[in-house]
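Step one of this worksheet: look at the structure below.
Coordinate-derived values only; no laboratory data. Model, not experiment: these values are computed from the prediction. Here Cβ is always computed from backbone atoms with ideal geometry, including for glycine, and neighbour counts include all displayed protein chains.
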Ligand SMILES: O=C(O)CCC(=O)C(=O)O
């Protein structure tokens with residue numbers, strides 16, 4: 001996996017035009033320090049409170065990786081009470097999030113209709129293999145803790161969104177159902193990927209056609225991520 005200086009590394013107060021350019025060229029943009037440390041601390045407390053809340057008790061929590069206690073909580077945006085979880089609500093109500101969604105996915109796009117929290121614990125295998133998503137989305141993905149290759153940082157092959165899109169659309173036009181699209185790429189291709197490490201509050205924005213993977217969460221570490229998903233109005237599901 002390469003760790004080069006990255007052309008899609010934007011500044012904290014990047015404008016939607018910069019993000020759009022980066023997404024179009026590379027399928028990904030990284031905004032270090034998108035949240036300040038005070039907001040990260042509050043968000044971290046909201047993360048724990050959400051996993052302890054009645055929303056989690058209503059079976060929305062999935063222990064989504066075999067043989068670990070790693071867990072994911074999936075919410076629809078409408079389920080999120082902004083009075084109880086103000087930082088999370090404010091994160092996804094940011095102008096940058098709606099502006100980039102509309103510029104990239106069209107005026108009628110659904111801005112952050114799904115919110116996912118993942119808490120990953122050590123395991124010798126990667127959080128995910130290299131893949132593109134079956135249901136196309138634009139994802140806004142925030143590290144709550146410093147996240148580096150050793151605790152499972154997100155990795156992707158910059159610019160591969162064109163390849164992922166071509167593959168996805170070819171399957172759809174050949175009549176493959178969305179849920180049957182083969183998405184996992186050979187492990188050898190991880191050598192082409194870069195690890196997008198970041199401090200707490202770093203936001204990654206990516207087109208899910210980019211070939212991407214969650215890394216390996218090493219012994220004694222953890223990974224905490226919140227992400228919001230936007231979809232085009234006519235997304236194939
Ligand atoms: O958890 C990760 O880092 C992988 C994320 C991912 O594959 C996705 O959101 O589609």
Could you work out [θ]222 nm for the chain from helices alone, using -39500 (n - 2.57) per DSSP H run of at least four and dividing by all its residues? Round to the nearest 500 deg cm²/dmol.
-7500 deg cm²/dmol
Label the stretch 180-233 by shape, choosing from rounded, prolate and oblate, from the square roots a ≥ b ≥ c of the eigenvalues of the Cα gyration tensor; if a/c is under 1.5 it is rounded, and otherwise prolate applies when a/b is larger than b/c, oblate when it is not.
oblate
Of 54, 24, 163, the most mobile residue in a GNM of the chain (C-alpha springs, cutoff 10 Å) is 54
Quick one: what Rg and Dmax do you get for the stretch 125-171 from the alpha carbons, in Å?
12.8, 38
Quick check on the chain: what does the Kirkwood estimate of hydrodynamic radius come out to from the alpha carbon pairs, in Å?
18.0
How high is the relative contact order of the chain? Use alpha-carbon pairs under 8 Å, at least six apart in sequence, and give a whole percent.
33
Give the Cα extents of the stretch 1-128 along the principal axes, in whole Å, largest first.
41, 38, 31
How big is the Rg/Rh ratio for the stretch 83-169, C-alpha atoms only, Rh by Kirkwood, two decimals?
0.98
Could you calculate the FRET efficiency of residue 191 with residue 81 from 1/(1 + (r/R0)^6), where r is the beta carbon distance between them and R0 is 41 Å, rounded to 0.05?
0.40
